[in-house]
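The values are calculated or read from the model by the stated rules, or taken from the named source; none is laboratory data. Computed from a predicted model, the values in this text were never measured in an experiment. For neighbour counting, all protein chains shown are included, and Cβ atoms are generated from backbone atoms with ideal geometry for every residue, glycine included. All accessible areas refer to the heavy atoms of the entire protein, side chains included, with ligands and DNA or RNA removed. Shrake-Rupley method; radii C 1.70, N 1.55, O 1.52, S 1.80 Å.
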Amino acid sequence: MIGEDAFCPKTGASLSDEQQYDDQGRPRRVVTADEQSLASATAGELTTGATRSSKAALFNRFRRCHANHHPTDDALYRKAALALARLKRTAEGTESWDVHVWYALRKRLAAAGYDVEWMHAHVEPRCPHCHGRLRYEEYGDDVTARCVTDCANGIDQLSAIRQTIADLYTRAFDETVAPAEFLLF
């Protein structure tokens with residue numbers, strides 16, 4: 001993932017809060033030292049995260065984020081690892097973006113009876129066209145999300161995001177779900 005939820009796309013390790021600058025002067029964050037990053041020699045690398053991370057990185061991030069909210073749950077971790085393997089193997093194009101995989105994983109674990117509300121705190125929906133940030137507006141009971149770069153001419157992107165996640169989930173688990181079933185916040 002990128003933005004505030006960014007992590008090392010190879011290992012899932014956290015990134016430093018402060019920015020460093022690479023040789024071209026671009027702002028980056030440093031991969032922090034932890035068991036996975038030290039074992040893979042990624043500790044200290046500069047990155048901004050990625051839109052697509054490895055299966056291991058997503059799983060490590062899932063486990064680390066879960067530990068911030070709940071005690072260790074090996075049964076949950078096994079279920080999450082299996083679901084992530086199916087999602088990553090199935091995902092194509094924008095479906096493979098971490099944010100879409102994360103929401104599909106959330107749905108799969110919720111269907112299995114796990115508490116997954118905490119997962120919302122570790123992801124932010126992004127524009128399905130350019131992966132840019134979204135601007136939210138509330139009109140009565142309806143919420144719309146428009147790309148801040150206006151790449152889609154001001155069209156609400158929530159239905160497109162939900163459709164992408166629903167398509168991924170349906171193919172990965174051979175189980176049809178309606179796009180409206182995906183709560184994004």
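Here are the numbers:
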item	result
Accessible-area ranking of Leu134, Leu38, largest first, probe 1.4 Å	Leu38, Leu134
Sum of side-chain charges, Tyr77 neighbourhood, beta-carbon under 13 Å (Lys, Arg +1; Asp, Glu -1)	+3
Top positive-direction residue, dipole computed over the chain with Cβ charges, set Pro125, Thr42, Ala104	Thr42
Largest to smallest accessible area among Lys88, Lys10 [probe 1.4 Å]	Lys10, Lys88
Kirkwood Rh in Å, taken over all unlike Cα pairs in the chain	17.2
Of the GluC sites (Glu not before Pro) in the stretch 91-185, those whose Cβ has at most 12 other Cβ within 10 Å and which sit in DSSP loop	Glu92, Glu175
Ratio Rg/Rh [Cα only; Rh per Kirkwood] for the stretch 1-50	0.95
Cα radius of gyration and Dmax for the stretch 92-163 (Å)	13.2, 39
Within a Gaussian network of the chain (alpha carbon springs, distance under 10 Å), most fluctuating of Ala111, Ala85, Ala56	Ala111
Solvent accessible area, Å² - Asp174, 1.4 Å probe, full protein context	140
Selected from Arg106, Arg61, Arg171 as most flexible by GNM, with the chain as the system and alpha-carbon contacts under 10 Å	Arg171
For the stretch 53-184, with +1 on Lys and Arg beta carbons and -1 on Asp and Glu, the positive-most of Asn60, Ala145, Gln163 along the dipole	Asn60
Largest to smallest accessible area among His120, His100, His70 [probe 1.4 Å]	His70, His120, His100
Rounded to whole Å, sorted largest first: equivalent-ellipsoid semi-axes of the stretch 17-110, Cα gyration tensor	26, 17, 11
